[in-house]
Amino acid sequence: MINMNIQKLIVIIIALIIISMSIFTFSPYVIGIFHSVSQANSSQIPAENETTQESEQTIVQTAVCKGNARCFDGIITKIVDGDTLEIDNIPIRLALVDAPEYNEEGGAEAKEFVSSLCPVGSTAKVDEDDGQTEGSYGRIIAAIYCNKITLNAELITNEFATIYKEFYDVSEFSNEYWAKDYGC
Ligand SMILES: [Ca+2]
Ligand SMILES: [Ca+2]
C-alpha cells in the first residue's frame, strides 16, 4: 500500500518536473505573445493627449471641402509666412490671401498670427481652390481649416493680410463672406 503511494508520488513529481520544464522552455514565446497582444490593445486605447488630437481631427473632418479638387487632412509641418505653409511637407498657398513676405513690414506679425492659430503640429484640412488647380510656384492654392477656424478668413478679417484681388474672378472662394466683405 505504502509502496503504491510512493510510486504514485514519484510519478506525480516527475510529471510536475516535465510540466514546469516545458513552461520554462516555452515561456519566452508565451510572454512574447502576451506582450504583442497587450501592445496591440494599448495602441487601440488612446492616451489622454492622443484623445485631444483625435477630437481636433474630428473638428477638422467636420469642415466640408467645396468642389472636386484635392481635399485632404494633414499635419502642419512648417509655416513659411502669412500666406504660405506646409502640410505633410506639401507647400500650400492660401487662396485669395496676400500677406507681406516675411522680411517685409508686417510679415513677421502675419507669420506669428498663423502660428498662434494653427501651430506646427496642428491637424488641418486642405480644400484646394477648384478655380486655381494649376497652383502657384509648386504650391497648392487652397483654403485651410484648423482648430475650428478658416485660416484664410482669420488673416483677412484680422487684417494681417489683404485679398488677392487678381484672382477673385476665378477663385472658388470669391463668394465666401471673408472674401466679399474685404474686397471681392
Ligand atoms: Ca475645393
Ligand atoms: Ca505674399
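Overview of values
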quantity: Any chance residue 111 is outside any loop (DSSP other than H, G, I, E, B), modelled with pLDDT of 95 or more, farther than 17 Å from residue 81 by Cα and not β-branched (Val, Ile, Thr); calculated: no
quantity: First in region 116-138 and among the aromatic types (Phe, Trp, Tyr), second anywhere and away from ligand 1 (no atom under 15 Å from the Cβ), Cβ under 9 Å, 6 or more apart; calculated: 137/91
quantity: Pairs with Cβ under 9 Å, 6+ apart, first in region 154-169 and more than 15 Å from residue 101 (Cα to Cα) and among the polar types (S, T, N, Q), second in a helix (DSSP H, G or I) and modelled with pLDDT of 95 or more; calculated: 158/113
quantity: First in region 84-105 and in contact (Cβ under 8 Å) with a residue 40 or more places away in the chain and among the acidic types (Asp, Glu), second anywhere and within 12 Å of ligand 2 (Cβ to nearest atom) and in a loop (DSSP other than H, G, I, E, B), Cβ under 8 Å, 6 or more apart; calculated: 98/83; 98/161; 98/164
quantity: Test: residue in region 76-87 that is crowded, with 23+ Cβ neighbours inside 10 Å, within 16 Å of ligand 1 (Cβ to nearest atom) and part of a strand (DSSP E or B); calculated: yes
quantity: Residue identified as in a helix (DSSP H, G or I) and either within 16 Å of ligand 1 (Cβ to nearest atom) or exposed (fewer than 15 other Cβ atoms within 10 Å of the Cβ) (or both) among 154, 159, 105, 166; calculated: 166
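Residues checked against (1) more than 12 Å from ligand 1 (Cβ to nearest atom); (2) surrounded by fewer than 23 Cβ atoms within 10 Å (Cβ to Cβ); (3) within 22 Å of residue 76 (Cα to Cα); (4) at pLDDT 95 or above:
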| position | (1), (2), (3), (4) |
| --- | --- |
| 129 | no, no, yes, yes |
| 133 | no, yes, yes, yes |
| 138 | yes, yes, yes, yes |
| 149 | yes, yes, yes, yes |
| 173 | no, no, yes, yes |
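The values are calculated or read from the model by the stated rules, or taken from the named source; none is laboratory data. Computed from a predicted model, the values in this text were never measured in an experiment. Here the Cβ is made from the backbone with ideal geometry for all residues, glycine too, and neighbour counts use every protein chain on show.
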